[in-house]
Amino acid sequence: MNRYISWIFAFFIAQLVWSAPSQAQIVALGASVVQGYGVNSGEAFPEQLQAMLRAKGKSYTVSNAGIYGDTTAGVMARIDSAVPEGTRIVILLIGGNDVRRGGSVADAKAGVANIVSRLQARHIRVINAMPYYMAARSKGMVVSDGIHLNAAGQKYMATALLPQIN
C-alpha cells in the first residue's frame, strides 16, 4: 500500500513540474524614472507593463531594477545582481544622471553601449526605453520637476513598450 501511495505522490509531483508554465523574465533597468519616482506604488511603467502582459494572457515576470540617481557606472556595477540568470529581456533607461552630474553626452552614450554589450554577451535582448521616455516627456507627462514622469507618462511608456514584448 505504501508503494502505491508513493507512486501516486510521485506522479502528481511530476505533473506539477512538467506542467508548470515557464515565465520569461523581464528586467526594467535604470534610475528614478524606472523606479517610479513621483508616482504612487504600482504606477511605475514596469508594474503597469506586467499588468498589461498578464491581461493579454502572457506569463511574464517584470522586475523593477530602477534606483534613484543611478548612472551608467552604477548600473554596470550592479548589473549581475540586478539582471539575474534567466532574464530574457532588459528594458533600459539610463544616462540622464550622467549628464546632469557634469558628464558629457558622449560619455553617457558610451556607458549605455557598455551596458548593452554586457547584456547582449549574455544573450539578453535589450529594449532602449529612451525614445518612449522622451515622447512622454515632450507631451508634458511629467511631474513638477519637468524630468520625472507622472502617472500618465508612466502608463504611456508601458503602453508603448507592450508591443515590443514577444
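Just so you know, all these numbers are worked out from the coordinates, no wet-lab data involved. Since the structure is predicted, the reported quantities are computational estimates derived from the model, not experimental observations. Note: ideal-geometry Cβ built from the backbone for every residue, glycine included; neighbour counts use all protein chains shown.
General observations
- Listed peptides 74-85, 35-46 by packing density, highest first (mean Cβ within 10 Å): 35-46, 74-85
- Kirkwood hydrodynamic radius over Cα pairs of region 48-111, then Stokes diffusion coefficient at 10 °C and 1.306 mPa s, in µm²/s: 118
- With Cα atoms, 0 to 90° folded angle of helix 2-19 axis to the chain main axis: 30
- Asp80-Ala135 pseudo-label distance in nm [points 7 Å out on the Cα-to-Cβ vector]: 3.6
- Look at the alpha carbon pairs under 8 Å that are at least 6 residues apart: their mean separation over the length of the chain gives a relative contact order of 26 percent.
- Within region 103-161, the proportion of C-alpha pairs whose separation exceeds 18 Å stands at 49%.
- Axis of helix 72-82 versus longest Cα principal axis of the chain: the two differ by about 10°, to the nearest ten degrees.
- Asp107-Val143 FRET efficiency (beta carbon distance; Förster radius 25 Å; 0.05 resolution): 0.40
- Shape of region 19-88, Cα gyration tensor, a/c cut at 1.5: oblate
- Region 22-164 - Kirkwood radius from inverse mean 1/r over Cα pairs (Å): 15.1
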